[in-house]
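Novice: One structure follows; several queries about it will come next.
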Amino acid sequence: MKGASSDASREPRKWWFVVRKYPPAIGGMELLSFNVVSRLATRHPIEVLPMRAPAWMLPWFIVSSAVRLVWACVKGDIELLHVGDPVLAPLALVAKIFGIPCSVTVHGLDIVYERGFYPLWRRMFLRGFGAYICISEATRLAALRLHVPHDRIHVIGVGIDVAREVPEPIARDLSVVLFVGRLVRRKGVAWFVAEVLPTLALRHPDLQFVVLGEGPERDAIAASAMAHGVGDRIVWLGARGDDEKASRFATAAVCVMPNIAVAGDMEGFGIVALEAAAAGCPVVAADLEGLRDAVTDGQSGILVPSADGPAWIRAVDALLVDSHFNAEFGRKAHDHVRRTRGWAPIVDAYFNVLSRTAAKDGEKNCAT
């Protein structure tokens with residue numbers, strides 16, 4: 001069944017984006033959704049349906065979006081449906097009824113989460129998409145393990161806006177190690193304060209570990225820090241806005257991403273690595289999952305084996321004891337990210353994939 005109307009041929013049909021994560025909310029998924037949608041809109045007509053409601057209203061958002069999609073299909077106003085993550089995959093059922101091609105972005109946790117009824121949800125609905133856009137190689141491999149067709153997977157990373165020059169003349173504080181992110185187990189912060197921070201604190205009496213973020217692991221991190229004698233070295237900032245984050249990136253000696261492997265969870269990419277490098281802040285990150293896509297070892301940051309305490313101590317300490325090395329590495333990281341991680345190639349890749357997906361026969365493209 002195909003939607004049609006007498007006016008449909010007068011204007012190009014739209015690509016519809018339905019997303020759960022979108023500004024003014026803050027986060028990596030929000031950043032990706034906004035930049036892809038807003039930049040694609042300069043090249044093709046776009047309609048975006050963002051969820052701007054509490055998480056408990058998700059069922060209502062899915063139902064109301066489905067109603068709007070049905071009406072758009074009936075009017076012949078939609079050429080392609082793209083959903084921002086697999087949680088919204090049931091909306092593709094509407095596209096299938098009308099023979100509309102459909103695509104989805106897969107981030108990481110949404111492909112490996114195994115609690116509750118979500119695995120059944122994923123098996124039922126994450127099927128028949130014409131394109132699965134994975135944000136990293138690690139996400140692609142996770143999708144393959146769920147038998148997503150390999151020829152429909154496309155790896156497209158995340159971009160960032162980068163100034164041509166590292167902001168001047170702010171001097172970096174070599175007594176500050178920074179963490180930015182949600183405090184969940186996979187981020188490895190509890191491990192870091194137990195296995196790395198105590199030795200660094202002995203070597204650097206003024207050292208502070210600044211934590212910008214909130215999450216369910218905060219109490220466990222605080223308990224680990226107290227048990228290892230470094231509770232007084234942590235500065236808890238909580239969740240802050242972009243201005244505070246930028247200020248911390250501009251002055252910290254190093255930003256750490258000490259992720260550990262956690263069953264049923266994963267780091268799909270690691271946008272913080274790009275944000276820190278763009279500000280000229282050296283990054284030390286675990287050589288794990290999507291961080292391998294976000295960090296080019298030796299260029300935009302330093303990759304260290306996950307949960308290898310001595311290796312982490314050496315890597316972070318080297319950036320604390322040598323201000324010249326720190327400054328040069330930060331500048332190199334900034335230049336590398338500016339050259340390789342702009343939004344233009346990311347949006348080009350989305351445009352090419354979605355154009356090809358939209359051009360295919362809808363019913364064949366969305367067949368299960």
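Novice: What residues have an amide H closer than 5 Å to that of Ile153, excluding those fewer than 5 places away on the same chain, when H is modeled at 1.01 Å from N in the peptide plane?
Specialist: Sorted by chain and number, the residues that satisfy this are Tyr132.
Novice: Let me ask another. Between beta-carbons, use under 11 Å as the cut-off and find the net charge around Phe129, counting Lys and Arg +1, Asp and Glu -1.
Specialist: Local net charge: +3.
Novice: For the pair Ala163 and Arg52, how long in nm is the line joining their label points, each one 7 Å along Cα→Cβ?
Specialist: For the pair Ala163/Arg52, the computed spacing is 3.0 nm.
Novice: Expressed as an acute angle from 0 to 90° and rounded to the nearest 10, what is the orientation of the C-alpha long axis of helix 323-340 relative to the principal long axis of the chain?
Specialist: 10 degrees
Novice: If packing is taken as the mean number of other Cβ atoms within 10 Å per residue, what is the order of 347-358, 59-70, highest first?
Specialist: Per-residue Cβ counts within 10 Å, averaged per peptide and sorted highest first, yield 347-358, 59-70.
Novice: Only loop residues by DSSP count here, and only those with at most 14 other Cβ atoms within 10 Å; note down the GluC sites (Glu not before Pro) in the stretch 79-181 that meet that.
Specialist: Passing sites in the stretch 79-181 are Glu114, Glu165.
Novice: I need to check one value: relative contact order of the stretch 173-340, counting alpha carbon pairs closer than 8 Å and at least 6 residues apart, in percent.
Specialist: 24 percent
Novice: A further question follows. If you project the alpha carbons of the stretch 271-338 onto the principal axes, what extent comes out on each, in Å, largest first?
Specialist: Principal-axis extents of the Cα atoms in the stretch 271-338, largest first: 29, 29, 15 Å.
Novice: Report the convex hull volume per residue for the chain, counting only C-alpha atoms, in Å³. Before the final figure, lay out each step's value.
Specialist: Details: hull volume 48.1 nm³, N = 368.
Taking only Cα atoms, the chain has a hull volume of 131 Å³ per residue.
Novice: Karplus couplings for the stretch 220-229 from phi (6.51 cos²θ - 1.76 cosθ + 1.60, θ = phi - 60°), rounded to Hz, Gly and Pro as x?
Specialist: Along the stretch 220-229, the couplings run 5, 5, 4, 5, 5, 5, 5, 5, 10, x Hz.
Novice: With an 8 Å Cα cut-off and a minimum separation of 6 or more residues, compute the relative contact order for the chain in percent.
Specialist: Normalised by residue count, the contact order of the chain is 18 percent.
Novice: Counting Lys and Arg as +1 and Asp and Glu as -1, what is the net charge of the other residues whose Cβ lies under 15 Å from the Cβ of Ala25?
Specialist: Charge balance in the 15 Å sphere: +2.
Novice: Within 10 Å of each candidate Cβ there may be at most 13 other Cβ atoms; applying that plus a DSSP loop requirement, which trypsin sites (Lys or Arg not before Pro) in the stretch 133-166 survive? Can you show the working numbers first?
Specialist: Working: sites: Arg140, Arg145, Arg152, Arg164; in loops: Arg164.
Passing sites in the stretch 133-166 are Arg164.
Novice: From the Cα gyration tensor of the stretch 173-340, with a ≥ b ≥ c the square roots of its eigenvalues, which class applies: rounded if a/c is under 1.5, or else prolate if a/b is larger than b/c, or else oblate?
Specialist: Verdict is rounded for the stretch 173-340.
Novice: Quick one: what are the phi-derived ³J(HN,Hα) couplings along the stretch 64-79, Karplus 6.51/-1.76/1.60 with θ = phi - 60°, whole Hz, x for glycine and proline?
Specialist: In residue order, the calculated couplings are 5, 5, 4, 4, 5, 5, 4, 5, 5, 5, 4, 6, x, 9, 10, 9 Hz.
Read-outs: derived from the displayed coordinates by stated rules, not from any lab. A quick note: this is a predicted structure, and the numbers were derived from the prediction, not measured. As a convention, Cβ positions derive from the backbone with ideal geometry for all residues, glycine included, and neighbour counts pool all protein chains shown.
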